[in-house]
Amino acid sequence: MLTKRTLKKGKAAVAVLLAVLLVTVLAIAGCGGPKPAPQQEAPKPEAKPIELKLAHFWPSTHQIETVFVPGLAKAIEQATNGRVKVVSYSGEILLKAAEIYDGVVKGVADIGISCYSYTAGRFPVMEAFELPGTTYNNSKVSDRVAWEGAKKLNPKELQDTKHLMIISTGPGHLFTKTPVQKLADLKGMEIRATGVTAKTLPLLGATAVAMPQSEAYEALSRGVVKGNIAPLETLKGFKFGEVVKYVTDTPFLYNTLFFVTMNKDKFNSLPPDLQKAIEDACAKYYEEKGVGFWDSINDAGVQFAKEKNVQFLTLSDQEKALWIERLKPIRDDYLKRMKEKGLSGEEVLQTIQELADKYNKEYK
């Protein structure tokens, strides 16, 4: 028989059980119970590097494409922590040699490497660095003179792109079939030449034969011409060491400048930290690899020629002075043309000569 006391105890037990069930249900529902693992955010894709198209005219086998450009591209990529990538278009794939500067201005290429002389008349100040009559002992000298001189003169003609550096071939020399050590030896000799050198050679008594370097090997081997004027690297690069017997050192006759320049809008569109990184990388690369780059190529040409028993000749100081005096009309004509343009040719030539004297003493 149930008593009141028993009923009370039963009601209490039921209440406890209900409380336990309620707690259990709430726990299962998530109140105070285990929480689900937080959702992990999907990794953000890495930013694609900014790609800069670099155009030049040298073939894929030339050391500009196999050594210089890859080194420059790597320097820029490392300096920007991979945020900028340089892609090279060699052998006129993107732009013809004479179109490269304009192509950079217009943004067809972001960076271009070519010769100022391929666009005759466009660079009157830079033309002076290639005039005969200034002696450059080697490409270290002409590189320093060109880049430092361009920055010092800061001509208007260079303001439409962002110049990164200027390098050069250094001096060109006379390659001939018969020895040349005095002006009389040159009289009437047919020598392959183009541009300024085509005007230079007649003043020395030779006959200039207009012809690209690509045709000179056959012309020399067949006797169509008796000589050539070119940088020493071509003794191997164009195999001229096989078809000439003598090389006369003429460090005042020839020098060709190459610009390395960037589209100004493209450069200005980059964040300031990337602009600085590119400038710093190019300045460092110029100092470490750019200055004298052509000397290393020229050395290979000299070695190749010596293996072919080519003899290397020098001019006496008296003869050298006589040759330079004969070249004065070219410089006089330059001064006249600069005056007609309202530019100071005297300042340009003086700057070049002072820098040449300075660096010829440093790099003998």
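The values are calculated or read from the model by the stated rules, or taken from the named source; none is laboratory data. Since the model is a prediction, treat every value here as computed from it, not as a measurement. Heads up, the Cβs are rebuilt from the backbone with ideal geometry, glycines too, and the neighbour counts pull from every protein chain shown.
Inspection of segment 230-241 finds no residue satisfying the criterion of being over 31 Å from the mean Cα position of the chain (by Cα), under 23 Å from GLN63 (Cβ atoms) and either assigned to a helix (DSSP H, G or I) or in contact (Cβ under 8 Å) with a residue 40 or more places away in the chain (or both). Here segment 59-74 is the region considered, the condition is being touching a helix residue (DSSP H, G or I) at 6+ places or on another chain (Cβ under 6 Å) and surrounded by fewer than 20 Cβ atoms within 10 Å (Cβ to Cβ), and the residue that is modelled with the lowest pLDDT is GLN63. When segment 327-364 is limited to residues that are of a type in the set (A, V, I, L, M) and farther than 24 Å from ASN137 by Cβ, the one that is surrounded by the fewest Cβ atoms within 10 Å (Cβ to Cβ) turns out to be LEU335. Please find, within segment 242-257, the residue that is nearest to the chain's Cα centre (by Cα) out of those that are surrounded by fewer than 23 Cβ atoms within 10 Å (Cβ to Cβ) and among the aromatic types (Phe, Trp, Tyr). Restricting to residues being surrounded by fewer than 23 Cβ atoms within 10 Å (Cβ to Cβ) and among the aromatic types (Phe, Trp, Tyr), the top hit is PHE252.
Here is a yes/no grid of residues against (1) out of contact with any His (no Cβ under 7 Å at 6 or more places or on another chain); (2) modelled with pLDDT of 95 or more; (3) among the aliphatic types (A, V, I, L, M); (4) over 26 Å from LYS182 (Cβ atoms):
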site	(1), (2), (3), (4)
TYR246	yes, yes, no, no
THR250	no, yes, no, no
PHE259	no, yes, no, yes
MET262	yes, yes, yes, yes
PHE267	yes, yes, no, yes
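Going through (1) within 23 Å of ALA109 (Cα to Cα); (2) in contact (Cβ under 8 Å) with a residue 60 or more places away in the chain one by one, PRO251 falls short only on (1). Just give me the residues in segment 69-115 being over 16 Å from GLY290 (Cβ atoms), within 15 Å of the chain's Cα centre (by Cα) and part of a helix (DSSP H, G or I), in sequence order. Across segment 69-115, the qualifying residues are ALA97, ILE100, TYR101, VAL104.
Of the numbered criteria (1) of a type in the set (Ser, Thr, Tyr); (2) touching a strand residue (DSSP E or B) at 6+ places or on another chain (Cβ under 8 Å); (3) surrounded by fewer than 21 Cβ atoms within 10 Å (Cβ to Cβ), the one SER139 fails is (3). Among residues of segment 310-337 that are under 13 Å from THR250 (Cβ atoms), those with a Cβ under 9 angstrom from a residue that is of a type outside the set (Gly, Ala, Ser) and exposed (fewer than 14 other Cβ atoms within 10 Å of the Cβ), sequence gap 6+ or separate chain, pair up as LEU313/PRO179; LYS320/THR314. It is to be established whether one or more residues within segment 167-185 are farther than 30 Å from VAL224 by Cβ, over 17 Å from the mean Cα position of the chain (by Cα) and of a type in the set (A, V, I, L, M). Scanning segment 167-185, I find no residue that is farther than 30 Å from VAL224 by Cβ, over 17 Å from the mean Cα position of the chain (by Cα) and of a type in the set (A, V, I, L, M), so the answer is no. Look at (1) farther than 30 Å from THR161 by Cα; (2) of a type in the set (S, T, N, Q); (3) at pLDDT below 95; (4) buried (at least 23 other Cβ atoms within 10 Å of the Cβ) and you find that ASN298 fails only one, number (1).
Checked against (1) loosely packed, with under 15 Cβ neighbours inside 10 Å; (2) farther than 19 Å from THR256 by Cβ, PHE304 passes all but a single condition, namely (1).
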